[in-house]
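Here's the structure we're looking at; comments come further down.
The values are calculated or read from the model by the stated rules, or taken from the named source; none is laboratory data. Just so we're clear, the structure is a prediction, and the values are computed from it rather than from any experiment. We place every Cβ from the backbone using ideal geometry, glycine too, and count neighbours over all the protein chains shown.
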Ligand code: NOJ
Ligand code: CA
């Protein structure tokens, strides 16, 4: 017995050894590990016995992603899933700095360890695939590359099978996987609860196309039971469909799910080419997730030679009044069956058209008086009577104004007031129509001094059968940005695919909506925790045109009939200018409401939209965020803090201020008796002296926030004030 045991142990060891040698030599199997520059993260890659590429990720010795397979299924050709051997690996470290044109930081450090693995499929004509990993201190990026090679030129991706094997039943902040819309409300749950919650989470939205199996969209924000924050998304989505994540709610495995095209294919590829980066941002501090620049670092620098015309924009618009019932309309006429070649001047005016000369002039006056850069005018062009619901191709021509909007007169008036008009191109998701008219539309803008356009893609896409997030539309949005650059025009897209850091490469694609924004406050409301989640999800990919600044939060004020409200306090709306980063920010409320609260409005007038530095002071997804930022090129700082439906006390420190100097802080706070649903407009404004040593514990009401501006002051002003 004894002898037998020893013998079998030895033979087992021998067997394992032989197998190992066999595998190493026959398949080229080697596990290779790289670590992040700070050594906190480690990535291990290997090709397993079936020749399947497998990776795993650890953070401070804890598993983040357990061994997970990589690969792609190709149409009518052998897959890129197995039968690989490692041909060559290369490792390198990169450490550089770069300056974004606009951003949250003046300088961004791009510091990573790279592992490039060249794989080969001996049984498939030695087809080649490269997997490139970049391991940063704040996470991992990797992508598939398809080099030029003798036996592969064109191929169609049936599906990408990138796996993310999570380590447990994490908490997740999610919206349902959908090929056409990202305007869902967030649900917070355990991964294991997704099956029971999916139906409710997939409430009706225009043009929705939910994924049939269990899937969520990226950026997907998760938190493990032991306090690790994990964010999965993608970077540099170019010439490829957007990725959602299939979820296995029992094994906690996620896997890539690409958006199909009209005939069910996923990606049309021609070597040499590559997929977008798959990104996993990891930290044990939620603040570091918000501070991560990994996605930007994985995008290419801009190829535009002259970027001097791309500038931050603070704007107002003939806009919110379309959403608060009974005010005004995009449409001019009462007609309902409309064609572009009709004579709109013969239409019967509905009496509520918003974009009239008179109304627009008053917005221009307001913008000029209060220092805004631009006025957005929606509903200026013909076609709105009949723009939605009929899957109609030629809805708008983007150049013909309604009879009561005089393009020349408004252009000249805006110019005399030192204000820009912002163009609006609602495409009604008819991308084909927009592409055909694009050059004429941009030339028209150029001729009339418009330097920025808000685009929109409400409805089902034309070409019919395509999706907002498919490869063709991904190419469309980039095409629009590139053509716009030819005319020195900036783009703010609504209802486009979620951003992936492309504002580095195409900086005139200055912001996007691509999530549930303020407009939804008039369509059922946004949960008080919504904006504590967005920076951890949607904003990971880029700036959001959230359209904050609503002061009249009780919407029954407009005789809407229902019990509708904006689900925040007034001061929380101020905080958004700091917590929701964007170099393009709207003051979305109508001028009358700003006139009623001039002291609070002062913060919106003052706040910067472009920054030298950002200090993420406190954060917890779904609960609260406190951020301080230094205005670009100025000795001014702005602080914003928000909470969910629970009141809290924010802890604010000012240690980023230059040592030994005194500044005047103006603190906008919820009143003690304020709350989002009972007393949203109760606030206080106070001034005090702050230094780098100051500390402040600031009360925030339920559904509330606070905002602080910090500026230099003269001696007499300072003397009258107390220290914080
Ligand atoms: C949806 C956009 O998000 C909104 O801002 C716009 O006013 C409407 N579409 C009409 O274009
Ligand atoms: Ca929208």
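Out of 288, 300, 335, report the one residue that is surrounded by fewer than 17 Cβ atoms within 10 Å (Cβ to Cβ), more than 16 Å from ligand 1 (Cβ to nearest atom) and under 30 Å from residue 141 (Cβ atoms).
None of the others qualify; the one that does is 300.
Of all residues in the range 543-551, at least one satisfies being within 21 Å of the chain's Cα centre (by Cα), within 29 Å of residue 301 (Cβ to Cβ) and in contact (Cβ under 8 Å) with a residue 60 or more places away in the chain.
The number of residues in the range 400-429 that are away from ligand 2 (no atom under 16 Å from the Cβ) and either closer than 28 Å to residue 465 by Cβ or modelled with pLDDT under 95 (or both) comes to 0. Residue 439 meets each of the listed conditions (1) surrounded by fewer than 19 Cβ atoms within 10 Å (Cβ to Cβ); (2) closer than 29 Å to residue 336 by Cβ apart from (2).
Comparison of 109, 127, 134 shows that the only residue that is farther than 24 Å from residue 74 by Cα and crowded, with 20+ Cβ neighbours inside 10 Å is 134. Checking each residue of the range 525-542 against the condition of being closer than 18 Å to residue 311 by Cα and surrounded by fewer than 24 Cβ atoms within 10 Å (Cβ to Cβ) gives at least one match.
The sole residue among 323, 252 that is surrounded by fewer than 22 Cβ atoms within 10 Å (Cβ to Cβ) and modelled with pLDDT under 95 is 323.
Listed here are the helices (runs of 4 or more DSSP H) enclosed by the range 563-671 that have at least 3 residues being surrounded by fewer than 17 Cβ atoms within 10 Å (Cβ to Cβ): 591-596, 598-606.
When residue 412 is tested against (1) part of a loop (DSSP other than H, G, I, E, B); (2) farther than 15 Å from residue 453 by Cβ, only condition (1) is not met.
Applying the set (1) within 16 Å of ligand 1 (Cβ to nearest atom); (2) modelled with pLDDT under 95 to residue 543 leaves exactly one unmet item: (2). Selection within the range 525-535: residues that are more than 9 Å from the chain's Cα centre (by Cα) and at pLDDT 95 or above. The member of this set that is nearest to ligand 2 (Cβ to nearest atom) is 526.
Yes/no matrix, rows are residues, columns are (1) in contact with a strand residue (DSSP E or B) (Cβ under 6 Å, 6 or more places away or on another chain); (2) without any contact (Cβ under 8 Å) to a residue 24 or more places away in the chain; (3) within 14 Å of ligand 1 (Cβ to nearest atom):
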| site | (1), (2), (3) |
| --- | --- |
| 488 | no, no, no |
| 492 | yes, no, yes |
| 496 | yes, no, yes |
| 513 | yes, no, yes |
| 516 | no, no, yes |
| 568 | no, no, no |
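Determine which member of the set 66, 85 is touching a helix residue (DSSP H, G or I) at 6+ places or on another chain (Cβ under 7 Å), at pLDDT 95 or above and surrounded by 15 or more Cβ atoms within 10 Å (Cβ to Cβ).
The match here is 85.
Determine whether the range 466-474 contains at least one residue that is at pLDDT 95 or above, more than 16 Å from ligand 2 (Cβ to nearest atom) and part of a strand (DSSP E or B). Checked the range 466-474: no residue is at pLDDT 95 or above, more than 16 Å from ligand 2 (Cβ to nearest atom) and part of a strand (DSSP E or B). Restricting the range 514-524 to residues that are surrounded by 22 or more Cβ atoms within 10 Å (Cβ to Cβ) and assigned to a helix (DSSP H, G or I), the residue that is nearest to ligand 2 (Cβ to nearest atom) is 518. Scanning the range 442-464 for residues being crowded, with 23+ Cβ neighbours inside 10 Å and in a loop (DSSP other than H, G, I, E, B) gives a total of 4. For the range 165-177, enumerate the residues that are buried (at least 23 other Cβ atoms within 10 Å of the Cβ) and either under 15 Å from residue 63 (Cα atoms) or modelled with pLDDT under 95 (or both). Across the range 165-177, the qualifying residue is only 166. Give the residue that is surrounded by the fewest Cβ atoms within 10 Å (Cβ to Cβ), with candidates limited to residues of the range 303-320 that are within 16 Å of ligand 1 (Cβ to nearest atom) and over 20 Å from residue 400 (Cα atoms). So the residue we want is 320. For the range 286-294, the criterion of being away from ligand 2 (no atom under 16 Å from the Cβ), free of Cβ contacts under 8 Å to residues at least 60 places away in the same chain and part of a loop (DSSP other than H, G, I, E, B) is met by no residue. Taking the numbered list (1) out of contact with any strand residue (DSSP E or B) (no Cβ under 7 Å at 6 or more places or on another chain); (2) within 14 Å of ligand 2 (Cβ to nearest atom); (3) more than 26 Å from residue 421 (Cβ to Cβ) in turn, residue 538 passes all entries but (1). Scanning the range 418-441 for residues that are in a strand (DSSP E or B) and more than 17 Å from residue 494 (Cβ to Cβ) returns 420, 421.
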